[in-house]
1. Taking the inverse of the average 1/r across all pairs of different Cα atoms in region 369-431, what Kirkwood radius in Å do you get?
2. Need one number for region 178-253: average projected area of the convex hull over its C-alpha atoms, nm².
3. Give me Arg475, Arg197, Arg94 ranked fewest to most by other Cβ atoms within 10 Å of their Cβ, as a rough exposure proxy.
4. Using a 7 Å offset from the Cα along the Cα-to-Cβ direction at both Phe13 and Phe685, what is the distance between the two label points in nm, to one decimal?
5. Starting with the fewest neighbours, write out His349, His632, His388, His355 ranked by other beta-carbon atoms found within 10 Å of each beta-carbon.
6. Using 0.36 nm times the number of residues separating Lys101 and Ser226, minus their current alpha carbon distance, what extension gain do you get?
7. Which order do the peptides 53-60, 542-549, 21-28, 691-698 come out in when sorted by mean C-beta neighbours inside 10 angstrom, highest first?
8. What is the set of long-range amide H partners of Ser629 at a cut-off below 5 Å, with H atoms built 1.01 Å from backbone N?
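Here, each number is a calculation from the coordinates, and none is a lab measurement. These numbers were taken from a predicted model, which means no experiment stands behind them. Cβ sites come from the backbone with ideal geometry, for glycine too, and all protein chains shown count toward neighbours.
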Amino acid sequence: MSGPFKQNGDKSFTSKIKFVAWAQSMDLLALVSEANHVSIYRINCEKVWEIEDAPQEAEDSPIASVAFSPDGSVIAIGFLNGFICLHEVESKRRLFRYKVKASITCLYWYGNVQENSYKPPQFPIFKDEVSQHLPELSAFTKIYGITASEEEQEEWEEFKQLMHQNEFSILLTGTENGAVHFFTYGVSPLTHIKLNRFTKVKVEKILNVHLSQDMKSISTICQVVSEEGLSRIVLVKLNCGMIEEHEEQIQIIAQKFMNLLMCSQYLKSSLSKIKEVFETTTRQMDGKIAKLLEAKKKAGGGDLVNDFLRLLLYGTKSDEMEAFFMRDNQERAIKTISRLLESYYSSMHKLLIKHIQSAAEISIYEMEDLRSMSQRVEEFNKLNFDNHLIVKSLKFAFLIHYKANEMSQVINKSTDNSKAFFKWFYNTILRHNEETGPSELTKMSHQEIDKVTEFLMDSFYPAEKDNISNFHLERVAQYLRNEPLREDLRVDTDEFNKFLQDNHDILEYLGDDDIFCVSSESSLVQVCLNFRQALYECIENFAISLGENINLENVINLSKPAVIEELNVNRISVCQWTSYDDDGCILLGSYVPRDQVQLCCFVKQSSQYQGKIIHFNDFKSYGKCDILSISHYNDRILTILLKQSNPSLGCILLQFDVTSLVNWFHVDNELPIEGQITHENASEFIQDHQFKVLDSNNFIHAFASGQRDVCALLGSSNKKLHFYFMQAEDDEGDMEDTDTELS
C-alpha cells in the first residue's frame with residue numbers, strides 16, 4: 001500500500017447488480033443481479049457460469065445473500081424465504097439444499113485461516129477411522145434395471161463431497177426473526193441462538209454477522225424495534241468461548257453428525273431405489289397377466305387366485321384360464337416372466353445388502369463412537385451430550401440393519417416360491433399341449449406345492465377396486481410402507497437373539513441401554529424414518545446445549561431511535577473484528593441512516609469499551625467527504641468509498657487501517673459505553689499512499705478482497721463494475737499472473 005491504486009478494466013452487464021461477493025481463496029467473484037441470477041466471474045471478467053433457475057422451493061423468492069466457503073470450492077445462496085442452496089463452484093452443480101425457519105438476511109462463512117493455527121490433537125482416539133473398518137458406501141448404478149435421475153443418483157455423493165472441504169468451516173446465517181444459525185461445513189446444524197434472549201427490545205432482523213478468527217466472539221448488527229414502534233440499530237457482541245475452548249471436540253462431533261446425515265441421505269436414496277425396483281416389478285407383472293385380468297373383468301369379476309388354486313389342486317381350468325392356455329408360445333412367455341421376476345428379486349436383494357446394510361453398519365459405528373464420547377465426562381461433559389438420545393438413535397440404526405436382513409430373508413423365500421410357481425405353471429402348459437418336458441421339471445414335491453400356494457396368496461393380493469386381483473408381492477411390499485407389518489413373515493427372526501444369548505460379553509459391554517431391542521412389527525421404511533428423526537433430535541439437542549453456553553458481552557446502540565423509514569436497513573452493513581494484541585481488539589460496524597453511511601468503531605482495552613463514530617469531514621485538501629460504501633478488505637483494513645462535497649469532483653477510494661485508531665482511544669472506566677461514543681474525524685490518520693482520487697464520481701458501492709488485492713466499484717447505473725488493484729505500483733506487474741485455476 002505504498003503507491004497509487006491502478007485501474008484494471010471494467011465490465012458491463014445487461015442486468016442490474018444487487019451485490020458482489022468475493023471468494024477469498026480463489027480469483028473468483030459472485031454477482032447477484034436484480035433478475036435473481038447468480039453469476040461467477042474470474043478476476044479477469046471471464047464468465048465461469050450462471051444460475052438462472054432457482055430451486056422450485058425458492059422460485060419466486062429473491063436472493064438475500066451469498067457466501068463462498070473458505071476454500072472457495074462451494075458457494076452458499078440464501079433466499080428470502082429461508083432456503084439455502086449449496087453449489088459446487090467448479091461445475092455449478094447443486095450439492096445440497098435445506099431451509100431455516102425465517103427469512104434469510106445475511107450469510108457469513110467462517111474458516112480458520114490464522115497462521116500457525118495448527119494444534120496437535122488431544123483426542124486421537126476419536127479420529128474418524130470408519131473407512132479402515134468398513135467398506136465405503138457404493139455408488140448407485142443402473143445394474144438394477146432402473147434408470148433413476150442423475151440428481152437422485154448423485155445426491156448422497158454430493159453430500160459426501162461437502163464433508164471433504166479443505167478445512168473445518170462454519171456457515172453463519174442471520175434471519176429476520178433475530179436468530180443466528182450455525183452449520184458446520186455449511187450443512188450440519190451446529191447450534192443456533194436467538195438474540196431476543198439478550199435484548200430488552202424485539203430484534204426485527206439481523207443485518208450482518210461475524211465470527212472472530214479466534215472463534216471467541218460473535219458480532220451482529222441488528223435492527224431492533226421498541227414497543228412504541230421506534231427502530232434503532234444495535235451491535236450485539238456475544239462471547240462464544242465455549243466453541244473455541246472445545247474446538248477439537250466440536251469438530252469431531254460435527255464430523256460424525258455429518259457422516260450420520262450422509263448415511264441417512266444414503267438410506268433415503270436406497271429406499272427410493274428399492275421402491276422403484278418393486279414398482280417396476282409389479283407393473284411388469286401386471287402387464288404380463290393383463291389379458292387374464294381383462295378376461296376376468298369381462299366375465300363379471302372374480303378372484304384370480306381361486307382360478308390358480310383350482311388348477312393347482314383339481315386340475316380344472318376356468319374359461320379365462322382355458323383361453324390363456326390356447327395362445328401360442330406361452331411356454332416361452334412363462335420363462336421370460338420367471339427370469340424377469342428373479343432378476344428384480346435379485347436387484348432388491350443387492351440393494352438391501354450392499355446399500356441399506358452398509359449404511360446401517362456405518363451408522364452403528366458412528367453412533368457407538370458418540371455414545372462412548374458421552375461417557376467420557378472430563379472431555380465431553382461440558383458439551384451436555386444426551387446419552388439417552390444417542391442410544392435411541394443407535395437402536396434405530398441397529399433396527400435398520402436387522403430389518404434389512406429380515407426383508408432379505410423374505411425376498412429369498414419369495415424367490416424360492418416364485419421358482420416353484422413358474423415350474424408348476426410351465427408343467428401345466430406342457431400337459432395342456434400334450435408335450436413332455438425334462439424329468440427334473442415335471443416332478444413336483446409336496447414342499448414345492450406348498451411354495452406355489454404361498455406364492456399365489458402373497459403375489460395376487462386382492463385389490464380393493466373392481467374385485468380384481470393384481471400382482472402385489474405383499475410380504476415384500478409391507479416393508480416399503482410407512483406402517484406396521486401385517487403379513488406373517490414366515491422367516492427365522494430369532495437368529496440374532498440366539499447370537500446375543502451366546503455372547504454375554506456384548507450385553508455386558510452395552511450395560512442397561514438395551515440397544516438390541518428388536519421390534520418385529522416395524523417396517524423398513526418406519527425404522528429408517530425413525531432413525532432420521534432420532535438423529536435430528538440428537539443434533540438439535542446438541543445445538544441447544546451449545547447455544548446455551550453462548551453469553552452476552554455487550555449490546556451497543558449505533559443509532560438513535562427513529563421511525564423505520566428513516567433507516568435504510570437494506571444496505572449492506574460491515575461487521576468486523578480485529579485483534580491487535582493479547583488484550584485489545586477493535587470492533588467495527590456500519591449502518592445507513594437516510595442513505596448516509598455511518599461507521600462506528602469500538603476499541604476494547606482490559607474488558608472496557610470505548611466507541612466513536614468515524615467521519616472524514618476534513619479529508620486532506622478535499623474538505624468534507626461522506627462515506628458512500630464500506631467493504632471488508634482484511635481484518636486490519638477497510639476499503640472505503642468516499643464522496644466529495646462538490647458533486648463534480650471524483651470519488652475517493654481509501655484503504656483505512658483501523659489499528660491506527662488504537663492510540664486515539666482513552667478508556668474511562670467510570671463512563672458507561674453510551675457516554676463514550678463521540679463523533680471523530682479520522683482524516684489525520686490517513687497517509688497519501690492510502691487513497692486515490694478517482695476520475696469519476698459515478699460510483700455507489702465498493703466490494704473488496706484482501707486476498708486478491710483487488711476492489712470492484714459498482715457504477716451508479718448498477719450495470720457496470722470497475723476493477724482496481726490495491727497493491728503498490730512495484731507489485732502491479734505480478735498481478736496479472738495471480739489467477740488461480742479451478743481444480
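1. Kirkwood hydrodynamic radius for region 369-431: 15.6 Å.
2. Reported value for the Cα convex hull: 5.3 nm².
3. Lowest count first: Arg197, Arg94, Arg475.
4. 3.2 nm
5. His388, His349, His632, His355
6. Values: separation 125, 0.36 × 125 = 45.00 nm, distance 2.32 nm.
Difference between extended and current length: 42.7 nm.
7. Working: 53-60: 13.2, 542-549: 18.4, 21-28: 22.2, 691-698: 16.4.
Peptide ranking by packing, descending: 21-28, 542-549, 691-698, 53-60.
8. Leu641
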